[in-house]
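Colleague: If you scroll down you'll find the structure; I have some questions about it.
The values are calculated or read from the model by the stated rules, or taken from the named source; none is laboratory data. Note that the structure is a prediction, hence the values are computed from the model and not measured. When we count neighbours, we look across all protein chains shown, and the Cβ atoms used for this are built from the backbone with ideal geometry, even at glycine.
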């Protein structure tokens, strides 16, 4: 069996296609259920957001599995299969796992490092468990991906600091005031960008908002939106002296707030900081105002610079995470390898135990007069012989599972010890045990993985 | 016993050095793990210093704070204790490292002074009294609060500069906000000032009782009163006149420079003050 990923995202498909190929959240479990019925698809999950639609699946054979997944998606969205294929990316084996880990960590998102996608992958995983579209392999892989993404977000700077202009203003304000609650915010002008910045400030706890605009009626409408007050433009200097934050976005052609206007205001403030954001183009605030003590003035370019600096930091963190992903893939492959070798070791031990038990019974028949102590000694020594005999073959099997030629070596191993039937029994028992542990009842579609290298399972 | 104390002090200095290096690595490269290890070692250093102080007390039969070098040792103990507490309750990045750079310098001067085993020689036994012990301890506690306050004010000025000059980067986001830095540094001065006041009162009372022919215009007395005035003005401007911002932070930095002058330099010109 093989792991594959088939999908499209904002990099491979224009918005016209993406909006067509998008599942309503309520449709996702239904679609996953139907995907499970496709030929050669053993396990699957579906992740669908406004920027991506992806199917991850464990399939019998990659080509067949991928073909039926594409056919299913094209059929679901009523698209021409050949046209649809042009927008798709397809990954197999390690690449598919790598893609899943990248997606879950937000490295494949439009906003690098965002965490929404982690929630969406988690939801799909829950659907997979609930609707039984995932088995042993995806149960493990998705748990690993979600845990790893959380770790990546905690241990690196991938999700710290703002990457949007309006939020950058909030972040800067917080660097001056800490909490924004009870801070006096003055909104000067009713420009769209200014409103967006105020919305973010309001959302971050700044709830004392005053609006001043040349047209008083417009100021009143905006103030009502934030439960604030509207004041007349003549009161600008008075309100500025009392404010902590000023957001300016008027449509004026020249500077409205000059250094000369600000000097007496700043003097009255006795060093109390004034945070000013000039989002207007052309600018409303004379840049010389920034020379005054306690005044922190930023324009739209400054905010853009912050966003860029934060993005650079996120890119550096993304590189760090990519290195960590390599280790995760190795871990997953090791688990897969062990998944194949555990039933073999179990079968070998079972066979040895059977021989041991039968030999003891035979001895019991032939030597009925032995005392309990003598039986104990014989039993102990026979066990010791069996364990010593098995030690090296078990080590060999464990080593072989890590190697490229593991499939052939382990097949030979199984044949030498003649334990084919026992291995099959062990695999079924292990599968039942794991599925029971994860509270999923599996059906006969979840086949036992073969032992192969890489994520080919 | 003296040899044991000397080895213990050397070992503590080494551990302190490692702790400061680890904290410095976090300061430069943003390594939270190093900070965690640094904090653990620092806590160990505090414990070792406490043990050394107790041993010195047992060995000499008195509180060992009666010369400049013993004072330095006690000062570094206070700084470590305060910085660990501040790290726990204020949660300001970099504070732990920067405060302990000061503490470590104090510790190093003490370690290289080679006088810690000659304690008590400078001051006549008869001169020592409870008033003097209280005076020194309270003065050093106030200096500890001022040292921490100085670090926070210096960080305020650095962050102020970052925000003014639009220097975006790790440091801007790791250092706390101006409001928190300003409030915390101000509160520490408000806490330290009464300690300094009581220390001065006890010191003057001790001098009156124990030092015959004390010169009331002695540089140390004048310096300490001036120090009290400098911090008194800071508290007045901050709490009564409601001043904020950069100038207040600069005033606080100047205040701490005055603390260092008073501690290290003015003693040399004093006719009686040797601790």
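Colleague: Restricting to segment A:231-250, and then to whatever is surrounded by 13 or more Cβ atoms within 10 Å (Cβ to Cβ) and more than 26 Å from residue B:241 (Cβ to Cβ), can you tell me which residue is nearest to the chain's Cα centre (by Cα)?
Modeller: Among them, the one singled out is A:247.
Colleague: Where residues in segment A:299-319 are under 19 Å from residue A:284 (Cα atoms) and assigned to a helix (DSSP H, G or I), which of them is farthest from the other protein chains (Cβ to nearest Cβ)?
Modeller: A:300
Colleague: Can you find even one residue in segment B:127-145 that is under 30 Å from residue A:296 (Cβ atoms) and either assigned to a helix (DSSP H, G or I) or at pLDDT below 95 (or both)?
Modeller: Yes.
Colleague: Go through (1) crowded, with 19+ Cβ neighbours inside 10 Å; (2) without any contact (Cβ under 8 Å) to a residue 60 or more places away in the chain; (3) in a loop (DSSP other than H, G, I, E, B) and name the single condition residue A:13 misses.
Modeller: (2)
Colleague: Kindly establish whether residue B:44 is assigned to a helix (DSSP H, G or I), over 19 Å from residue B:140 (Cβ atoms), out of contact with any strand residue (DSSP E or B) (no Cβ under 8 Å at 6 or more places or on another chain) and modelled with pLDDT under 95.
Modeller: no
Colleague: Next question, about the same structure. May I ask you to verify whether residue A:152 is within 14 Å of chain B (Cβ to nearest Cβ), outside any loop (DSSP other than H, G, I, E, B) and buried (at least 19 other Cβ atoms within 10 Å of the Cβ)?
Modeller: no
Colleague: So which residues in segment A:36-70 are at pLDDT 90 or above and closer than 18 Å to residue A:102 by Cβ?
Modeller: Correct list: A:45, A:46, A:47, A:48, A:52, A:53, A:54, A:55, A:56, A:57.
Colleague: Going residue by residue through segment A:209-227, is there one that turns out to be closer than 18 Å to residue A:299 by Cα and more than 14 Å from chain B (Cβ to nearest Cβ)?
Modeller: Scanning segment A:209-227, I find no residue that is closer than 18 Å to residue A:299 by Cα and more than 14 Å from chain B (Cβ to nearest Cβ), so the answer is no.
Colleague: Could you count how many residues in segment A:50-67 are surrounded by 21 or more Cβ atoms within 10 Å (Cβ to Cβ) and not in a strand (DSSP E or B)?
Modeller: 2
Colleague: Filter segment A:371-430 for residues that are at pLDDT 80 or above and outside any helix (DSSP H, G or I); which is surrounded by the most Cβ atoms within 10 Å (Cβ to Cβ)?
Modeller: A:419
Colleague: Report, by residue number, each residue of segment A:168-177 that is farther than 15 Å from residue A:203 by Cβ, within 7 Å of chain B (Cβ to nearest Cβ) and within 30 Å of the chain's Cα centre (by Cα).
Modeller: Listed by number, the list holds a single entry, A:175.
Colleague: To continue, here is another question. Could you list, in sequence order, all residues of segment A:368-389 that are farther than 15 Å from residue A:357 by Cβ and within 53 Å of the chain's Cα centre (by Cα)?
Modeller: A:384, A:388, A:389
Colleague: Here is a check on your reading of the model: is residue B:160 closer than 30 Å to residue A:313 by Cβ and either modelled with pLDDT of 95 or more or part of a helix (DSSP H, G or I) (or both)?
Modeller: In short, yes.
Yes/no per residue for (1) at pLDDT 90 or above; (2) in a helix (DSSP H, G or I); (3) in the same structural domain as residue A:256 (by TED's automatic domain parsing):
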site	(1), (2), (3)
A:173	yes, yes, yes
A:176	yes, yes, yes
A:186	yes, no, yes
A:190	no, no, yes
A:195	no, yes, yes
A:202	no, yes, yes
A:209	yes, no, yes
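Colleague: Now, a different point. Would you tally the residues in segment B:176-232 being touching a residue at least 40 places away in the same chain (Cβ under 8 Å), within 14 Å of chain A (Cβ to nearest Cβ) and either more than 28 Å from residue B:244 (Cβ to Cβ) or outside any helix (DSSP H, G or I) (or both)?
Modeller: Matching residues across segment B:176-232 total 1.
Colleague: Which condition from (1) outside any helix (DSSP H, G or I); (2) away from chain A (no Cβ under 14 Å); (3) surrounded by fewer than 15 Cβ atoms within 10 Å (Cβ to Cβ) is the one that residue B:242 breaks?
Modeller: All conditions are met except number (2).
Colleague: Quick check on segment B:146-167: of everything there that is within 12 Å of chain A (Cβ to nearest Cβ) and without any contact (Cβ under 8 Å) to a residue 40 or more places away in the chain, which residue is nearest to residue A:301 (Cα to Cα)?
Modeller: The selected residue is B:166.
Colleague: Residue A:287 passes all but one of (1) under 13 Å from residue A:257 (Cα atoms); (2) more than 12 Å from chain B (Cβ to nearest Cβ); (3) loosely packed, with under 14 Cβ neighbours inside 10 Å; which number fails?
Modeller: (2)
Colleague: How many residues are crowded, with 16+ Cβ neighbours inside 10 Å, away from chain B (no Cβ under 14 Å) and in a loop (DSSP other than H, G, I, E, B) when one looks only at segment A:255-284?
Modeller: 6
Colleague: Which condition number does residue A:139 fail, the rest of (1) over 30 Å from residue A:128 (Cα atoms); (2) buried (at least 19 other Cβ atoms within 10 Å of the Cβ) being met?
Modeller: (1)
Colleague: Might you check whether a residue that is within 29 Å of the chain's Cα centre (by Cα) and either over 30 Å from residue A:326 (Cβ atoms) or surrounded by fewer than 19 Cβ atoms within 10 Å (Cβ to Cβ) (or both) occurs anywhere in segment A:190-197?
Modeller: Yes, that holds for at least one residue.
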